[in-house]
Every structure is written in C-alpha cells, then in structure tokens.
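**Student:** Structure incoming, see below.
The values are calculated or read from the model by the stated rules, or taken from the named source; none is laboratory data. Not measured: the values here are computed from a predicted model. Glycine gets a Cβ as well: all are built from the backbone with ideal geometry, and neighbour counts include every protein chain shown.
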C-alpha cells in the first residue's frame with residue numbers, strides 16, 4: 001500500500017482511549033509506541049470507529065473524521081491520507097490497524113481496503129487463537145486438580161463464549177459472552193438441561209454432548225448453524241469433558257466462537273479474486289460480443305436496403321433472420337456464462353453437475369481472450385458426461401483462475417499454448433491445466449499457494465487465486481496441487497465422484 005506509517009493502536013480497559021503499541025516508520029526503519037488519543041479529544045473519530053468497519057480518509061486536512069487531531073497529529077507529520085480498521089476480538093473492538101500516507105492525498109482502491117480489512121481480521125484471529133490456546137492449556141493443566149467451584153468461577157470470568165454442564169447436561173456455569181449470544185426460554189437457565197433451556201435446540205447438538213459425556217472430544221473450525229428461528233451464524237466450536245477430583249467425568253465444557261464476520265470477509269475476498277480473474281478476460285469477452293453484433297448490424301443494413309429498393313427477397317430475409325437468431329443465442333450464452341461465474345455462490349447448496357458442462361461454461365468466458373492474443377487453447381473433454389456433486393460456480397471459479405494463470409504464463413511467448421483436460425481415476429475426476437510457459441522455479445513452489453504471494457505484475461493479480469481455489473476444492477473434499485511429475489507447468493484439480 002506504500003504507507004509511510006503502519007501501526008497497531010490498542011484500546012485501554014475503559015475503551016475511552018487508544019494507545020500506540022507498535023508503530024512502524026518506514027522511512028527511518030524505526031518502531032515507536034506510547035502515543036495516546038482520548039475519546040474526549042476526538043469524539044467524532046471514536047464514534048466513526050464504532051459505526052464503520054473501515055475508515056478510508058483520502059485527505060486528512062479536510063475530512064471531518066480527522067479534523068479533531070489534524071493540527072496536533074496530521075499536520076506535524078504531514079499525514080494526508082489514512083486507512084483505519086478496527087480489530088475485533090470476540091465481537092469487541094480491541095484496537096486499530098492504521099495505515100498512513102505522507103505527502104500527497106491517496107484515492108484508496110477497493111484492493112487497498114480489502115487488504116487492510118483482511119490484515120485486521122488476520123491479527124484479530126491470531127489474538128483469539130492465542131487466547132484459546134492459553135485457555136485450553138490452562139483447562140488441561142487445572143482440569144484434574146481444580147474444584148468444581150473454581151472451574152465454574154473461571155468459566156464465568158472468561159471473555160469467550162463458554163458454558164459448563166453436568167452429567168445430566170444441566171447448566172452449571174457460563175460466561176457473560178454465552179449469556180449475551182444465546183436466548184433462553186427460562187428466566188434462570190442454571191440447573192436446567194441445555195435442550196430445555198433454549199426454544200430452538202437441534203438434536204445434532206444433543207448427540208454431540210452425549211458422546212462427549214462418554215469421553216469423546218469434539219470440535220469443528222467452522223459450521224453454519226441456526227441459533228434461533230431464521231437467525232444463522234458461523235461458529236467455531238469445541239466440546240470436551242471435564243473431570244471431578246476423583247478423576248471421573250463430571251460433565252462437559254462447550255466453547256463457541258462467532259466467526260460470522262470472518263466468513264463474510266472471506267466471502268468478499270473470494271468475490272474480489274473472482275472478479276479480478278473475470279476482469280482479465282473482459283477485453284476478450286467484449287470482442288466476442290462485439291463481433292456478433294457487427295454481423296447482425298450487417299444483416300439489418302442489407303434488409304433495409306432491399307426494402308428501400310422494393311426488392312424484398314423472402315428466402316434471403318429468412319436466411320438473414322436465422323443467422324441473426326443464432327448470433328443472439330451466441331451472445332446470450334456468453335452473458336449467461338458471465339452471470340453464472342461472477343455471482344456470489346458462498347451460500348449455494350451442492351448439486352449434481354456435469355464435468356463437460358462446467359468446462360463449456362468457463363470456455364464461453366475465456367476462449368476469445370486466448371484467440372485474440374494468439375494463445376492456442378486445447379480442450380480434452382470426457383468421452384461421456386460424468387456428473388459430480390459440487391457448487392458449480394465455485395468450481396468454475398477454480399478453472400477460470402487456473403486458465404487465467406496459464407494465459408499470463410504464455411501470453412508473451414511465440415507459439416504459446418494452454419491445455420485443459422479432464423480424466424477419470426479411481427473414485428475421482430481430474431481437471432488438469434497445463435501450459436508451455438517457463439515453469440515455476442523450485443524455490444517458489446512451496447509458496448505459490450500462500451495468500452497474497454504472486455510473481456505477476458501488480459496489475460495482473462492479487463496473489464489470492466490459488467489459495468482460494470485450493471480452499472474451495474478442500475471444501476468439496478478434493479484437492480489442488482502442482483503436478484511436478486510433468487515437464488510443463490500443470491495444475492491438477494481433483495474432485496470426488498458420487
């Protein structure tokens with residue numbers, strides 16, 4: 001982002017003051033801390049932090065958001081633009097990531113904003129993960145020797161959403177975060193069985209609790225659940241047994257973290273990467289649509305001239321109309337393919353979809369870009385249509401990204417080619433994208449699936465495509481990898497057969 005200053009500012013316990021805990025000055029390669037800003041001195045700025053997920057100020061000298069500390073901070077340091085992003089910990093703002101530009105004002109791009117959001121979310125997740133590890137370690141160490149009263153007191157004081165239940169699955173203790181996150185059917189849930197204390201309780205959770213009562217330890221990094229009628233959230237959860245002083249299982253402890261914001265951020269990032277790939281193909285798509293329109297205009301001009309001369313040839317008109325109809329269908333296929341690939345599919349259910357159909361839908365978007373730039377695109381479809389259970393839009397996104405990467409690898413190479421092939425193996429279908437490019441150096445192969453890692457020019461990619469594509473396939477019980485047994489660069493997407 002080319003920022004002069006980047007810093008982490010933390011809220012104090014009163015949440016009326018932020019203090020710089022780690023502020024980096026790039027020009028002087030120096031770290032500082034200790035600067036403070038109180039809400040009483042900047043009420044407008046503090047209010048904006050509470051109301052907005054991101055503050056992007058293009059000119060700190062004129063913006064009302066920064067007016068309160070313009071003379072004391074912005075002017076002395078010549079800070080003209082900034083992006084401030086609150087960092088959330090268990091739903092609460094605990095600090096801010098601040099990126100500041102010196103000198104000329106900056107018009108912040110969507111990529112700048114998304115990167116700052118993801119950086120803040122990443123830091124929040126690190127802090128939450130560290131807190132969970134500390135708590136898990138504490139519970140592990142104290143589990144066998146703590147009295148029931150001490151364990152209940154610990155849970156009540158925790159900042160995370162946690163609850164403790166006994167052998168009869170009755171509430172014994174819960175944190176304030178648990179009380180705030182869930183609704184109850186009784187005024188006092190303590191001593192009430194979990195499934196009787198909530199109006200909307202799923203049998204799945206009853207089964208999980210009973211299994212943990214028998215000694216299992218269970219958990220999921222992410223799950224989409226309905227916590228009340230019509231109210232869905234993403235959570236990360238763990239259910240583990242706790243033991244009494246005799247070493248017997250006394251009940252279970254449930255820990256749940258609301259990760260809805262994180263999932264929404266991931267969905268936005270996913271959509272951004274998808275639209276970036278589509279933007280790469282936009283020129284070819286425009287050409288693909290413009291050519292048919294020119295053909296149709298030529299037919300219409302010919303018919304208009306024939307009518308003006310009184311020389312109406314119905315046979316010829318019929319041929320022109322048939323060709324125009326075919327041209328319209330061609331344009332319609334391209335537009336429909338764009339609509340399918342570009343829409344947000346994060347909440348789609350898996351459906352049975354043909355592999356060859358997926359290939360054809362992506363080719364409608366990319367083939368003209370290849371043709372116009374002189375890159376040969378070879379396609380080997382399956383001999384028969386084979387269906388897989390998937391979210392078609394997401395698999396199309398994976399193919400689009402792999403083809404876009406291959407195109408960039410060969411676009412400046414005379415005689416460059418890309419080959420997309422489909423094959424069937426034991427219980428799996430394989431989609432392989434191979435190109436004639438220079439290949440990926442061995443020292444970079446371990447990094448290519450890391451988020452934000454890219455070897456492309458700044459206007460050719462964000463470094464997110466491969467990492468997002470791999471996660472999409474993992475969510476489909478598949479995998480994405482670089483096949484190093486093949487001489488050319490070849491990425492393989494594998495998906496399970498039904």
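**Student:** I'd like the full set of residues that are in a loop (DSSP other than H, G, I, E, B) and either under 12 Å from residue 16 (Cα atoms) or not assigned by TED's automatic domain parsing to the domain that holds residue 12 (or both), limited to the range 39-53.
**Tutor:** If the condition is that a residue be in a loop (DSSP other than H, G, I, E, B) and either under 12 Å from residue 16 (Cα atoms) or not assigned by TED's automatic domain parsing to the domain that holds residue 12 (or both), then 42 is the only one that fits.
**Student:** Looking at (1) under 30 Å from residue 159 (Cα atoms); (2) surrounded by 18 or more Cβ atoms within 10 Å (Cβ to Cβ); (3) in contact with a helix residue (DSSP H, G or I) (Cβ under 9 Å, 6 or more places away or on another chain); (4) free of Cβ contacts under 8 Å to residues at least 60 places away in the same chain, which is the one condition that is false for residue 97?
**Tutor:** All conditions pass for residue 97, except number (4).
**Student:** For the range 138-199, list the helices (runs of 4 or more DSSP H) that sit wholly inside it and hold at least 2 residues that are modelled with pLDDT of 85 or more; which are they?
**Tutor:** In the range 138-199, 194-197 are the helices (runs of 4 or more DSSP H) which contain 2 or more residues that are modelled with pLDDT of 85 or more.
**Student:** Under 8 Å between Cβ atoms, which residue pairs at least 6 apart in sequence (or on different chains) link something in the range 105-122 that is outside the structural domain of residue 80 (by TED's automatic domain parsing) with a partner that is surrounded by fewer than 20 Cβ atoms within 10 Å (Cβ to Cβ) and part of a helix (DSSP H, G or I)?
**Tutor:** none
**Student:** Quick check: is even one residue across the range 361-375 modelled with pLDDT of 90 or more, surrounded by 19 or more Cβ atoms within 10 Å (Cβ to Cβ) and either outside any helix (DSSP H, G or I) or more than 30 Å from the chain's Cα centre (by Cα) (or both)?
**Tutor:** yes
**Student:** Scan (1) surrounded by 12 or more Cβ atoms within 10 Å (Cβ to Cβ); (2) in contact with a strand residue (DSSP E or B) (Cβ under 9 Å, 6 or more places away or on another chain) for the single condition residue 41 breaks and write down its number.
**Tutor:** Of (1) surrounded by 12 or more Cβ atoms within 10 Å (Cβ to Cβ); (2) in contact with a strand residue (DSSP E or B) (Cβ under 9 Å, 6 or more places away or on another chain), only one is false for residue 41: (2).
**Student:** Looking only at the range 22-34, decide whether some residue is in the same structural domain as residue 105 (by TED's automatic domain parsing), at pLDDT below 90 and either under 21 Å from residue 117 (Cβ atoms) or assigned to a helix (DSSP H, G or I) (or both).
**Tutor:** Looking through the range 22-34, none of the residues is in the same structural domain as residue 105 (by TED's automatic domain parsing), at pLDDT below 90 and either under 21 Å from residue 117 (Cβ atoms) or assigned to a helix (DSSP H, G or I) (or both).
**Student:** Same structure again: State which residue is surrounded by the fewest Cβ atoms within 10 Å (Cβ to Cβ) when the search covers only the range 10-21 and only residues that are assigned to a loop (DSSP other than H, G, I, E, B) and in contact (Cβ under 8 Å) with a residue 12 or more places away in the chain.
**Tutor:** Going through the qualifying residues, I end up with 16.
**Student:** Looking at (1) within 30 Å of residue 16 (Cα to Cα); (2) crowded, with 20+ Cβ neighbours inside 10 Å; (3) modelled with pLDDT of 80 or more, which is the one condition that is false for residue 123?
**Tutor:** Unmet condition: (2).
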